[in-house]
Amino acid sequence: MSVKTNKPVCVIVGVGPGNGTAFARRFSKEGYQLALLARRSELIADLAIEIRGSAYACDVADVASIAQTFTAIRAEMGEVDTLIFNLGAGVWKSVEEITAEEFEQSWRVNALGALLVSQLIIPNMKANKHGNIIFIGATASRRGGAKTAAFAPAKAAQRSLAESMARHLGIFGIHVATVVVDAVVDTPATRKMMPSKPDEFFLRPDDLAETVFNLTQQKPSAWSSEIEVRPFGEVW
């Protein structure tokens with residue numbers, strides 16, 4: 001468990017073995033206190049120890065779970081300086097296959113969860129006239145594939161929410177941005193699924209983390225509200 005210090009607090013919502021882990025290590029390297037959120041805290045306990053951060057179990061589809069988690073973060077670390085919303089839950093089914101429950105769950109995690117988490121940290125960011133809220137998006141937010149009947153609408157809602165927030169909160173010194181990831185992330189799981197793909201096909205999590213960190217360091221007169229990232233081998 002972290003001890004409250006005067007270091008800035010970075011919260012990463014959705015920490016797994018790929019991008020979330022890379023974000024945690026990159027911001028820890030810069031001296032941030034790290035709050036790592038996953039549905040099961042034991043899955044990220046080792047990473048929390050490695051970076052001297054804290055692991056929290058949080059279900060962003062549940063209002064009470066979000067409130068409890070962020071109350072704990074505030075008490076143990078202080079107010080949030082940077083939020084990285086890294087969740088990308090989806091069910092890969094067509095419009096004929098998807099159920100109403102699966103469609104709603106995807107929306108609750110990707111869109112409603114993003115809203116609820118943001119609402120908890122915005123007041124203090126406005127008071128400080130500073131803050132970063134970064135959404136890790138997907139190409140599906142721009143076009144719906146045959147098997148993204150739930151994922152694409154949910155990510156589109158998240159992207160539109162981020163755009164609305166950026167327009168509203170910029171005047172208060174809060175930088176809101178979406179990173180549209182157009183790539184397959186390099187993880188052991190994706191390598192196993194695609195063993196014949198060359199290295200340049202994959203997006204390296206450490207490289208994405210570098211891009212995201214630099215995004216949070218932009219000056220207000222030249223903020224990016226949305227950027228795309230893809231490896232040079234990606235067809236677009």
- Message: Which count do you get for residues in the stretch 94-148 that are in contact with a strand residue (DSSP E or B) (Cβ under 7 Å, 6 or more places away or on another chain), farther than 30 Å from Val235 by Cβ and hydroxyl-bearing (Ser, Thr, Tyr)?
- Response: 1
- Conditions: (1) surrounded by fewer than 16 Cβ atoms within 10 Å (Cβ to Cβ); (2) under 23 Å from Asn110 (Cβ atoms); (3) in contact (Cβ under 8 Å) with a residue 12 or more places away in the chain. Pro188 meets all but one. Number of the miss? (2)
- Query: Taking the stretch 1-58 only, how many residues are aromatic (Phe, Trp, Tyr) and closer than 14 Å to Ile73 by Cβ?
  - Reply: 2
- Task: Could you please find all residues in the stretch 130-156 being in contact (Cβ under 8 Å) with a residue 24 or more places away in the chain and more than 15 Å from Glu226 (Cβ to Cβ)?
- Result: His130, Gly131, Ala146, Lys147, Thr148, Ala149, Ala150, Phe151, Pro153, Ala154
- Pairing a residue in the stretch 211-236 that is at pLDDT 95 or above with any residue that is of a type in the set (Lys, Arg) and exposed (fewer than 14 other Cβ atoms within 10 Å of the Cβ), where Cβ atoms lie under 9 Å and the two sit 6 or more apart in sequence or on different chains, gives Phe213/Lys29; Ser225/Arg167
- In the stretch 141-174, which residues are small (Gly, Ala, Ser), buried (at least 17 other Cβ atoms within 10 Å of the Cβ) and assigned to a helix (DSSP H, G or I)? Ser141, Ala152, Ala154, Ala156, Ala157, Ala162, Ala166
- Message: Yes or no: the stretch 17-35 includes at least one residue that is of a type outside the set (Asp, Glu), more than 20 Å from Asp206 (Cβ to Cβ) and either at pLDDT 95 or above or touching a strand residue (DSSP E or B) at 6+ places or on another chain (Cβ under 7 Å) (or both).
- Response: yes
- Any idea which residue in the stretch 41-70 is surrounded by the most Cβ atoms within 10 Å (Cβ to Cβ), counting only those that are farther than 15 Å from Ile12 by Cα and polar (S, T, N, Q)? Ser65
- Task: Please determine, by comparing only the residues of the stretch 90-113 that are touching a residue at least 60 places away in the same chain (Cβ under 8 Å) and outside any helix (DSSP H, G or I), which one is surrounded by the most Cβ atoms within 10 Å (Cβ to Cβ).
- Result: Gly90
- Filtering the stretch 209-231 down to residues that are buried (at least 16 other Cβ atoms within 10 Å of the Cβ) and touching a Gly at 6+ places or on another chain (Cβ under 9 Å) yields Glu226
- Task: For the stretch 86-102, name all the residues that are farther than 22 Å from Val180 by Cβ and not polar (S, T, N, Q).
- Result: Lys93, Val95, Glu96, Glu97, Ile98, Ala100, Glu101, Glu102
- What's the number of the condition Val117 fails, among (1) in a helix (DSSP H, G or I); (2) within 25 Å of Pro205 (Cα to Cα); (3) in contact with a His (Cβ under 9 Å, 6 or more places away or on another chain)? (3)
- In the stretch 186-236, residue nearest to Gly170 (Cα to Cα) [restricted to those that are aromatic (Phe, Trp, Tyr) and touching a strand residue (DSSP E or B) at 6+ places or on another chain (Cβ under 8 Å)]: Trp223
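The values are calculated or read from the model by the stated rules, or taken from the named source; none is laboratory data. These numbers come from a predicted model, not from an experiment. Reconstructed Cβ throughout: ideal geometry from the backbone, glycine too, with neighbour counts over all protein chains shown.
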